[in-house]
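Down below is the structure, laid out as structure tokens.
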Amino acid sequence: MTSLRNHRVVIASLFLPTTAVLGESGPPTPERVPSHSESLSIPAINLRLVDGQKTGRPPVTRHHSSIGVGSSVGPLKSIVEDLRDKTRNATPALRSPTQEAANPFAKLNRLADQAVDEASKALESQPIPTIALSLPPLSRKHQTTHTDHQHITRRVSRKNSRSSSRRADAETTRNIGGLLSESWHFEPNPHCNGGLKNAIDSVHDRLKKKIWVGALGENTDSFNDSVRRIIDKRMLIQQSSLPVWIPDAEFSSCYDEFCHQVLWPCLHYAVPDAPRTKLFYESASYKQYVAVNRKFADAIIANFQEGDVIWVNDYHLMLVPQMLRSSPKIPSSTPIGFFMHVAFPSSEIFRCLTVRVDLLRGMLGADLVAFQTPNFARHFRQTVSRILAYEALPKGIQIADEDTAGPGKLRELGAGGRGRFVDVAAIPMGIDVGQMKQKLQEPDVAEWVQVLKQRYSGMKLLVGRDKLDEVQGVRQKIQAFETFLERNPQWHQKVVLIQVALQTTESNELAGGAADVVARVNSRYATLTYQPIIFLHTQDLTFSQYLALLTVADAFVVTSLREGMALRTHEFVECQSERFRPLILSEFTGSYSYSGFRSCISVNPWDAKGTANAINQALTMTEDEAKGRWEDLHNHVITQNAPAFVTSFLSRTLRANVEHIQGDLADVPVLDTARIVPRYKHSQKRLILVDFEGTIWKRDLSKPLQQDATSLPTETLDTLKKLSEDKKNELWLLSGLPIKGVLEKIAEYVPKMGIVAENGCFIKTRATRTQPTGEWISMVSNLNLKWKASCVEILNYFSERTPGAFVEDRGASVVWRFWTGAKVDSPDRQWARRQAAEAQNHIYDSLGERFGIRLIPGSNHFLVLPNNISRSTAVGAILYPGGPASSPLISRAASGAGWGSTNGGRRGSGFIDDDEVHAGGTDLDFILAMTGDEKLVRRLNDFDNAETCSTSSKGTDALWKLEAAQASGTLALLAGITSATNGN
């Protein structure tokens, strides 16, 4: 994150965190700090609520669980969960026939409302102050589920994007003193992605320069040009936001129809049957979806600054990355990341979309496409492979030359004629634990905890919070609760399910089908004093009340049929820091994909009996077992947190951009020996790094590696021997070969030369007086290599089905050579590449996460080796002072800031890796690297005295390029200087 201080981050999300509302704002809320002596009894709390409303403090709530569809109150804010799909009108109430008020907060709120009404009558004759444009923005530290601004009307509705109530407000404003062009104010946007906002806010001290790009979430057709210009200016200065102005009808068609009725069901495995609806397959709203994405892209392009990092969020903006990448005004070196906050289905589901190709190509315009879980990332790779026929690898997607974006950008984007590479990763989202703890310490939370304890004394509370659509599984939850009551009569009138209902579209709500089940259960089990299921809408309770619910809950129940990351479960875990009550979690949520959340009670929401048993297990669980489970969940929540999410995503985006957008080979000069030789001749401490295979030795790849050195170039070995015998030189040979065979012969012939074997798995030190032949050091001695047997077995299976392919089983790595014929794009080679992609995905999915291995693809082979092992890390071990492979000659090369330092970075990249090079303090006079390893090249470029020379014949960041056939001659030239110097 240190490097991000040098970049501005452009965050594109459908809705801005702050919106501009026409008209006047209410009076500010005074802060109240109650004394410790204040009573927590219900009467005392009620008196304070009434008193607070008389003095101008907003009422706790003015809405009850019986609010109908006609309510004009808007949806409310989310603390960490993405509530972007909420709509404006309230969800139809689900009430039981019982006479008791279901909402536990309703009685106190009604008393408070009465006091407010009385106070309002006394204020009617007083003039209303005008809120001018100079009003400072209202700030809020945390985006919460429940807002204290009760009368906010919003843009999104169930059937139309512009509601009648908002239009009436706009008309009134237009006719009163011209307020339309002069009076408006900022308010927190209830539609924004609250989880994303909180995550960004959690790193505000490290992310100083940022700008949000999004829609206001308001009716904007009524905003005239002058108001829009003023809002644009104030938004940019005060809120670091850039509004995207979208016509009402266009936004409605895009958001309400295409996003909600097409994309949302598809991404969550809810594809409708063709006879039931044509909307999914024949939606005409895709044109509006494209238009909205184009407006976002145009806004970003118009405000682009050199050095920007662009972060595009979620399924509403899937086309934006490609639109940006194809723009001539956006340099191809601009880092672009795309994060999908929701689930991503298997290819069999996604292929049902008629616009599947456009959506996939749109996402692939980014340098990094990230998802909540490894499963979603795998689904995306497989979908791209099967629909677009691109090469899908565990690390990402290789895009062919002809499919790279942008006219005239092919050479610039490509690396060695292979097109672009798009990283695909799983980067899970989390909550801001620190902010959550602060919210829990607020006095209101303790007050409402006491209220709930008194209200439900002697009862067990089950709590849930979900949208009432078919994806969130509320119907399945209620059915399971009904089964629980049927099978456990001893729990009748002793357990209550409090379900907080988030708003969704009317059609999705009807598809969810929860109303009839709730009515049936309540009519069956309710009495005059007991109601088994209580539905509360987000308008019915404040965020403090919601936290109180989570605190007193005896279990939290999530039965989603499919979900990205259930961050409300993370909230529950942190609210249970004293009671340690269990979590009942659907195995189809993204949270359950991670081992830390396996300590929950997992359920299949389709299995009503199994879920009923889980409820009984949760209510009867011992305190010791519950605490043990909670500790595992808590450890995961505090590790997978919001700051880690933001840091990982942005750092990975920068890294992907640096690694895959390489310089054009034509712009790199050929190695000029006239400039190199004088520097070499007059230097006193030199480090020389030379690749073996592909640089000074070309092996026959048509057959397995020969275990002798008969084909080794003797003349080149003599050159290496001369160079190694110069006391001013530290010579290292970098190889991917195993120790046995070729490298053993070389080590015996050139004992004073260090050798890196198997791409960094083993290092042979230079010969010294105490070690005349040097010694081999294992860099993987502490790693689990049991994966190799399974990996070789998998590759043998694919070898039998791929003509000419064979496996090289090395000491700590495995190589599969799937093509050994001519490098032409023949059908046989295409088949071999498809087999290689399948093999890599199979190995990664079955062994990658479990054993911590990575795969490095090549044009005709791929390498499997442990994580954090590479030629670059091996050179780091050589340079690191006091390390096992360091030598006295260069022991001070990295003094003060070694290879593992994070105090420096690659020139211009702005990205700092965990093992980044730092060149400060080096006393080496001369560093020469002849290699095709771009990661090593980029890191050595930080040394002022380094001469990096690429021998790969591909796009490179090296200072020089050199044909491999000329490498031996260049080394011989330097060896001749060494001999002449020693002779003198």
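The values are calculated or read from the model by the stated rules, or taken from the named source; none is laboratory data. These numbers were taken from a predicted model, which means no experiment stands behind them. Positions of Cβ are generated from backbone atoms using ideal geometry, with glycine treated the same way; all protein chains shown enter the neighbour counts. Protein only, heavy atoms only, side chains kept; ligands, DNA and RNA dropped before computing areas. Shrake-Rupley method; radii C 1.70, N 1.55, O 1.52, S 1.80 Å.
With labels modelled as points extended 7 Å from the Cα through the Cβ direction, what inter-label distance (nm, one decimal) is found for Lys494 paired with Ser953?
In this crude spin-label approximation the distance works out to 7.9 nm.
Can you figure out the FRET efficiency of Glu578 with Asn6, using R₀ = 30 Å and their beta-carbon distance, to the nearest 0.05? Before the final figure, lay out the partial values.
On the way: r = 43 Å, r/R0 = 1.45.
Result of the calculation: an efficiency of 0.10.
As an exercise, identify the trypsin sites (Lys or Arg not before Pro) in the stretch 341-404 lying in DSSP coil whose Cβ has no more than 16 other Cβ atoms within 10 Å. Before the final figure, lay out each step's value.
Details: sites: Arg351, Arg356, Arg361, Arg378, Arg381, Arg386, Lys395; in loops: Arg351, Lys395.
Passing both the DSSP loop test and the Cβ count: Arg351.
Run the quick spin-label model on Leu701 and Thr620: label points 7 Å from Cα toward the beta carbon, then report their separation in nm to one decimal.
Using points 7 Å along Cα→Cβ, the separation is 6.4 nm.
Set the Förster radius R0 to 56 Å, insert the Cβ-Cβ distance between Glu715 and Gln305 as r into 1/(1 + (r/R0)^6), and round the FRET efficiency to 0.05. The partial results should precede the final answer.
Numbers: r = 54 Å, r/R0 = 0.97.
Plugging the Cβ-Cβ distance into 1/(1 + (r/R0)^6) gives 0.55.
How many angstrom lie between the Cα centre of the stretch 428-495 and the Cα centre of the stretch 626-685?
Between the Cα centres of the stretch 428-495 and the stretch 626-685 lies a distance of 43 Å.
With label points built 7 Å along Cα→Cβ from the Cα atoms of His682 and Glu775, find their separation and express it in nm.
Taking the simple label geometry, His682 and Glu775 are separated by 4.1 nm.
Quote the accessible area belonging to Cys352 in square angstrom, nearest 10, computed with a 1.4 Å probe and with ligands, DNA and RNA left uncounted.
The accessible area of Cys352 comes to roughly 50 Å².
For Arg871, tell me the accessible area in Å² from a 1.4 Å probe, rounded to the nearest 10.
Counting only protein heavy atoms, Arg871 exposes about 30 Å² to solvent.
Among Lys208/Lys467; Lys681/Lys721; Lys685/Lys721; Lys395/Lys698; Lys395/Lys786; Lys494/Lys609, which pairs are too far apart, with a Cα-Cα distance over 25 Å? Walk me through the numbers on the way to the answer.
Working: Lys208/Lys467 35 Å; Lys681/Lys721 18 Å; Lys685/Lys721 17 Å; Lys395/Lys698 28 Å; Lys395/Lys786 22 Å; Lys494/Lys609 20 Å.
As for pairs spanning more than 25 Å Cα to Cα, those are Lys208/Lys467; Lys395/Lys698.
Using a 1.4 Å probe and counting only protein heavy atoms, arrange Phe251, Phe851 so the residue with the most accessible area comes first. Before the final figure, lay out each step's value.
Values: Phe251 0, Phe851 45 Å².
Ranking Phe251, Phe851 by accessible area, largest first, yields Phe851, Phe251.
At a 10 angstrom cut-off on C-beta neighbours, averaged per residue, how do the peptides 692-701, 484-493 rank from highest to lowest? Each step should come with its number before you reach the end.
Values: 692-701: 17.6, 484-493: 14.4.
Per-residue Cβ counts within 10 Å, averaged per peptide and sorted highest first, yield 692-701, 484-493.
Roughly speaking, what is the stretch gain from Ile230 to Lys727, that is 0.36 nm per residue apart minus the C-alpha to C-alpha distance, in nm to one decimal? Intermediate values should be presented prior to the final figure.
Details: separation 497, 0.36 × 497 = 178.92 nm, distance 7.09 nm.
Result for the pair: 171.8 nm of gain on full extension.
Tally Lys and Arg at +1 and Asp and Glu at -1 over the other residues with C-beta under 14 Å from the C-beta of Asp624: what net charge comes out?
On the way: positive: Arg579, Arg581, Lys627, Arg629; negative: Glu623, Glu625, Glu631, Asp632.
That works out to 0.
On the full set of protein chains, 1.4 Å probe, figure out the accessible area of Cys192 and give it in Å² to the nearest 10.
About 0 Å², rounded to the nearest 10.
Of all beta bridges DSSP finds with both residues in the stretch 675-789, what is the antiparallel percent, to the nearest 5?
Antiparallel bridges: around 40 percent, rounded to the nearest 5.
Over 30 Å between Cα atoms, which of Lys210/Lys437; Lys233/Lys437; Lys752/Lys935; Lys209/Lys287 qualify? Walk me through the intermediate numbers first.
Working: Lys210/Lys437 26 Å; Lys233/Lys437 35 Å; Lys752/Lys935 26 Å; Lys209/Lys287 34 Å.
Long pairs (Cα-Cα over 30 Å): Lys233/Lys437; Lys209/Lys287.
Hey, with R₀ at 60 Å, roughly what FRET efficiency would Val824 and Leu528 work out to, going by the Cβ-Cβ distance, to 0.05? Could the numbers behind the result be given before it?
On the way: r = 84 Å, r/R0 = 1.40.
So, using R0 = 60 Å, E works out to roughly 0.10.
Calculate the length of the line joining the C-alpha centroid of the stretch 932-965 to that of the stretch 828-864, in whole Å.
The two parts, judged by their Cα centres, are 26 Å apart.
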